[in-house]
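The values are calculated or read from the model by the stated rules, or taken from the named source; none is laboratory data. Only a predicted model underlies this, so the values are computations on that prediction, with no experimental measurement involved. Note that each Cβ is placed from the backbone with ideal geometry, even for glycine, and that neighbours are counted across all protein chains shown. We work out accessible area using only protein heavy atoms, side chains counted, and drop any ligands, DNA or RNA first. Shrake-Rupley method; radii C 1.70, N 1.55, O 1.52, S 1.80 Å.
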Amino acid sequence: MTCMEGGHAGVTAQRERLGAPWRDSGDPHVARAMIAPESWFQTLPRPLQLELSRRVQPRYLHAGERLCARGDAPDGFYGLSDGILRVSGLVAPGAEALLALVQPPHWFGELGLFDGQPRTHDVHAETDAVLLHLPQAVMLAVLEREPAGWLHLGRLLAGKMRSVFVSFEQMQMLAPRARVARRLVMMASDHQVDRPTLRRELALSQDQLARMLSLSRQTVNEVLAALEADGLVRRRRRVIELLDPEGLKADGMSVGP
C-alpha cells in the first residue's frame, strides 16, 4: 500500500497536534484513520477527537486473517488506517458472497454500539492491514461523558444506510453499465453526510467487482472497457481509477437498458 499523503513529517506533525499517546513504533500508517482530511474522525469536535485519540489501540492483521465473524459479540469501534478489508457472508456452505472491499480511512462497528447485537458479517484482511481499535466498553464510556458523539455516529450510520438502499435499487432496476458506474462511485465515497469526499483510485479486481454486483466477469470487463473508452475510468492491474466521477454519477442515474 502507498504511504499517507504528506509523508512521515506530515504524519508526525498531525500526531503532535492530537497528542498521539499510543505506541506505534514510528509506523507512518497507524494514524491515518484519524488524521486523513477525508476521514469521518475529522468531522468530530476537537474535545471528542482528543478523548478518543487517547484511548485508541493499534491492531495489525496479516492478509487472510479474520477480524470478526458473523455472530461474534460486538467488540468495539474500528478505524482502518492501511490495507483493505473484505466484508462477506455465506450464501451456501463454502460459498462466500463478497459484499464490500473496505479501504482507508474507514470507520465501522457503530451498529454494535447502538444495539449491542452480534456482528452481521465476516470481516477478513484482504491485504496486510493496520487498524485503530476502540474497545466496546471504552467507547461506551467515552460516549457517556460526551453524548454528542452519538450524533456523529448516527450520521456515519446514516451515510452507510443510504449506500445500502442504493445497492438494493441497482440490483433491481439498473442496467449493467449503470450498476457498475454507481457501485464505483459508492465505493469511492466515504459515507460522510456533512462533508462528503471521493477517492480517485479503487484497489479491486474486475472479478471482485463482478462478484459484488452479481454480474459475470465478462460483462464487467465489457462495461469497464466502454467506460474507459468514454474517458470515465482507467484500468490498471487490480486498480480502477476514476477519471470523471461526475460522469460516472450521471451514468449511474440511468435506468434504461
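At-a-glance table
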| quantity | calculated |
| --- | --- |
| Long-range HN-HN contacts of residue 201 with modeled amide H, under 5 Å | 242 |
| Packing rank of 214-227, 176-189, where each peptide gets the mean count of other beta carbons within 10 Å, highest leading | 176-189, 214-227 |
| Per-residue ³J(HN,Hα) for the range 184-189, Karplus 6.51 cos²θ - 1.76 cosθ + 1.60, θ = phi - 60°, Hz, x for Gly and Pro | 4, 5, 5, 5, 7, 7 |
| Amide H within-cut-off set for residue 106, under 5 Å, with H built and near neighbours excluded | 80 |
| Using θ = phi - 60° and Karplus 6.51 cos²θ - 1.76 cosθ + 1.60, couplings along the range 224-235 (whole Hz; Gly, Pro as x) | 5, 4, 5, 5, 5, 4, 8, x, 8, 9, 9, 9 |
| Cα gyration tensor category, rounded, prolate or oblate, for the range 51-191 with a/c compared to 1.5 | prolate |
| Positive-pole candidate from 48, 62, 73, dipole of the range 31-77, charges at beta carbon | 48 |
| Under-5 Å amide H pairs with residue 76, H placed in peptide plane, nonlocal only | 136 |
| Equivalent ellipsoid semi-axes - Cα gyration tensor, the range 77-143, angstrom | 23, 17, 8 |
| Solvent exposure ordering (accessible area, 1.4 Å, most first) of 78, 60 | 60, 78 |
| Rounded to whole Hz, the Karplus (6.51, -1.76, 1.60) HN-Hα couplings of the range 206-214, x for glycine and proline | 5, 5, 5, 4, 4, 5, 5, 9, 6 |
